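The values are calculated or read from the model by the stated rules, or taken from the named source; none is laboratory data. The structure displayed is predicted, hence computed values, not measured ones. Quick reminder, even Gly has a Cβ in these numbers, built from the backbone with ideal geometry, and neighbours come from all protein chains shown. In case anyone asks, the SASA skips ligands and DNA or RNA and just uses the protein heavy atoms, side chains included. Shrake-Rupley method; radii C 1.70, N 1.55, O 1.52, S 1.80 Å.
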Amino acid sequence: MPTERTVPEELLRKQYEYIDLIAARNAEAAKTSGRRPRAVAHTFGCQQNFADTERIAGMLSEMGYDLSDDVNDAELILYNTCAVREHAESRALGNVGALTHVKKAHPETVIALCGCMVQQKQVAEKVKKSYPHVDLVFGTHALWRFPELLFRTLAENKRVFDISGDEKGEIAEGLPVLRGKGARAWLSIMYGCNNFCTYCIVPYVRGRERSRCPDAIEKELRELVAAGYKDITLLGQNVNSYGKDLDDQLDFSGLLRRLDAVEGDYLLRFMTSHPKDASPRLFDTMAECRHVAKQLHLPFQSGSDEILARMNRGYTAAHYCELIAYAREKMPDITLSSDIIVGFPGETEEDFQKTLSLVRGVGFDMLYTFLYSKRSGTPAATYPDSASKEEKQGRFDRLLNAQDETVAGRQAAYLGKRLRVLVDGEGKSPEYPFAARTEGGLLVCCAGDGLKTGEFAEVEIDKTTLRCLFAHKIKP
Ligand code: 5AD
Ligand code: SF4
């Protein structure tokens, strides 16, 4: 059952008409040039952005474009941008700036920007003024209208900017999708965020939380499993609040159980979780579901309760540790990862020590550490800050060292263990020619006859380093 937030079918049908119109233009052009037009679709940012780019690539493919990586030989270049930190924005803008040369050499190439960065009004204005070679700009809410916007850019031969979108946002079901090669696939279950952590730009650029209806999610999962995908990640900014906006009474745990009933040989992961909404019920569900990987990414951001309160996170460090203890009790081998922000405005050495001690106390398998980045329009951007850049960098380095010490021990504990892994790429050396992931998501380089990309294998760990486990296939 579609929800009231689902884009009506007749509006989506219109987009298919635009796809057909562009396909006809492209077929005509191909007759003259002797080749199908090419499009580059590049992603900056998070998994949600990668998933969005897969939809855009799906639409491009139906429009008759061949996807390519070469910006110097493409009829269309699209960058899907990120706004979460300043660094992501400057990198995207740097890359856009570099396209001036491409536009000079090939004025007919269409340059398009989409995603979180350009959903911000001031950035869209800046692009309009200072990047005249950009032809098309559309925000996160307009993604499903890409065919119409591109058609206008091509047919009217003028710049098109659309960063509109009511803050509730809309869900477009049934868009084509072109997924990457390999055994991994992303499956969005919800969009947007209601949490307004005071440092974060996401709720402003992606709008309020809206959940896809469970039927649509299950249908997509069945298609993925049937197509041979074996490592499927459910995506949302805060998957633990899945379903709050639906009438179904189905929460995230309920959704996991429903999806787990889909038959097949595959792993189900999910990200991202929020400690204020993650519950013992979720961990019970994870422990009981056979397809759900025993892996948890649970960002705690800071170990200091004062900082957590100023971040508007809605939990304490003690509550976080209780959650982890419960998860470990239910799933002793669970792999844990987290996000941490260092140098939030007003963070003192004492606050930072609490973060360090939480890191040492919990023992994470993986950490994603970020230096605080001021995002204009967020509450934290106005908070007074005292620590210097050097102090913050020093804390950041100490945090990485503490994590490396923990990881060295955790990795070493795998020596001699037998694990089931999913082979998903090339290894780091001729001696270990395959790369694989454990159920917990750890990287394993593997050797042995009969290993095949896209298949599960039983391996035994031979040696370990900080970043990788090395293993050989166990003979059946
Ligand atoms: N500065 C630094 N890190 C941030 N994150 C989100 N916003 C910011 C910011 N302004 C981090 C958080 C989040 C992850 C996706 O990015 O740790 O969990
Ligand atoms: Fe940003 Fe917080 Fe929402 Fe995550 S939960 S997207 S950090 S506002």
Examine segment 420-429 for a residue that is more than 27 Å from Cys46 (Cβ to Cβ) and either open to solvent by less than 70 Å² (accessible area, probe 1.4 Å) or more than 16 Å from ligand 1 (Cβ to nearest atom) (or both), and state whether such a residue exists.
yes
Scanning segment 340-390 residue by residue, those surrounded by fewer than 16 Cβ atoms within 10 Å (Cβ to Cβ) and over 19 Å from Asn312 (Cα atoms) turn out to be Glu349, Glu350, Gln353, Ser357, Arg360, Gly361, Gly363, Tyr368, Ser386, Ser388, Lys389, Glu390
Pairs with Cβ under 6 Å, 6+ apart, first in segment 186-211 and touching a residue at least 40 places away in the same chain (Cβ under 8 Å), second open to solvent by 20 Å² or more (accessible area, probe 1.4 Å) and assigned to a strand (DSSP E or B):
Arg210/Tyr191
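Restricting to helices (runs of 4 or more DSSP H) lying wholly in segment 100-164: which have 2 or more residues that are touching a residue at least 24 places away in the same chain (Cβ under 8 Å), among the aromatic types (Phe, Trp, Tyr) and within 28 Å of Glu28 (Cα to Cα)?
Output list reads 146-156.
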How many residues does segment 314-347 contain that are closer than 18 Å to Arg85 by Cβ and among the basic types (Lys, Arg)?
0
Set Phe270, Phe300: member being within 16 Å of ligand 1 (Cβ to nearest atom), in contact with a strand residue (DSSP E or B) (Cβ under 8 Å, 6 or more places away or on another chain) and over 24 Å from Ala51 (Cα atoms)
Phe300
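Of everything in segment 184-216, what is within 14 Å of ligand 1 (Cβ to nearest atom) and among the hydrophobic types (A, V, I, L, M, F, W, C)? Give them in sequence order.
Hits for segment 184-216 are Cys193, Phe196, Cys197, Cys200, Ile201, Val202, Val205.
Could you check segment 203-221 and list, in sequence order, the residues that are within 16 Å of ligand 2 (Cβ to nearest atom) and surrounded by fewer than 23 Cβ atoms within 10 Å (Cβ to Cβ)?
So the first thing to find is which residues in segment 203-221 are within 16 Å of ligand 2 (Cβ to nearest atom), and the list is 203-211.
Selection gives Pro203, Tyr204, Gly207, Arg208, Glu209, Arg210.
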Output the qualifying pairs, or none if there are none: Cβ atoms under 8 angstrom, residues six or more apart or on different chains, first residue in segment 68-96 and more than 20 Å from Leu371 (Cα to Cα), second residue within 16 Å of ligand 2 (Cβ to nearest atom) and among the acidic types (Asp, Glu).
Asn80/Asp52
Restricting attention to segment 356-388, which residues are within 16 Å of ligand 2 (Cβ to nearest atom) and either assigned by TED's automatic domain parsing to the domain that holds Cys197 or not small (Gly, Ala, Ser) (or both)?
Leu367, Tyr368, Thr369, Phe370, Leu371, Tyr372, Lys374, Arg375, Thr378, Pro379, Tyr383
Of the residues in segment 17-62, those that are touching a residue at least 60 places away in the same chain (Cβ under 8 Å), within 16 Å of Pro147 (Cα to Cα) and of a type in the set (S, T, N, Q) come to Ser61
Take segment 320-347 and flag every residue that is within 16 Å of ligand 2 (Cβ to nearest atom) and either at pLDDT below 95 or among the hydrophobic types (A, V, I, L, M, F, W, C) (or both).
Leu323, Ile340, Ile341, Val342, Phe344
Among Leu367, Leu308, Leu371, which is modelled with pLDDT of 95 or more, in contact with a helix residue (DSSP H, G or I) (Cβ under 9 Å, 6 or more places away or on another chain) and closer than 30 Å to Gly254 by Cβ?
Leu308
Please find, among Val292, Val225, Val262, the residue that is free of Cβ contacts under 8 Å to residues at least 60 places away in the same chain, open to solvent by 10 Å² or more (accessible area, probe 1.4 Å) and among the hydrophobic types (A, V, I, L, M, F, W, C).
Val225
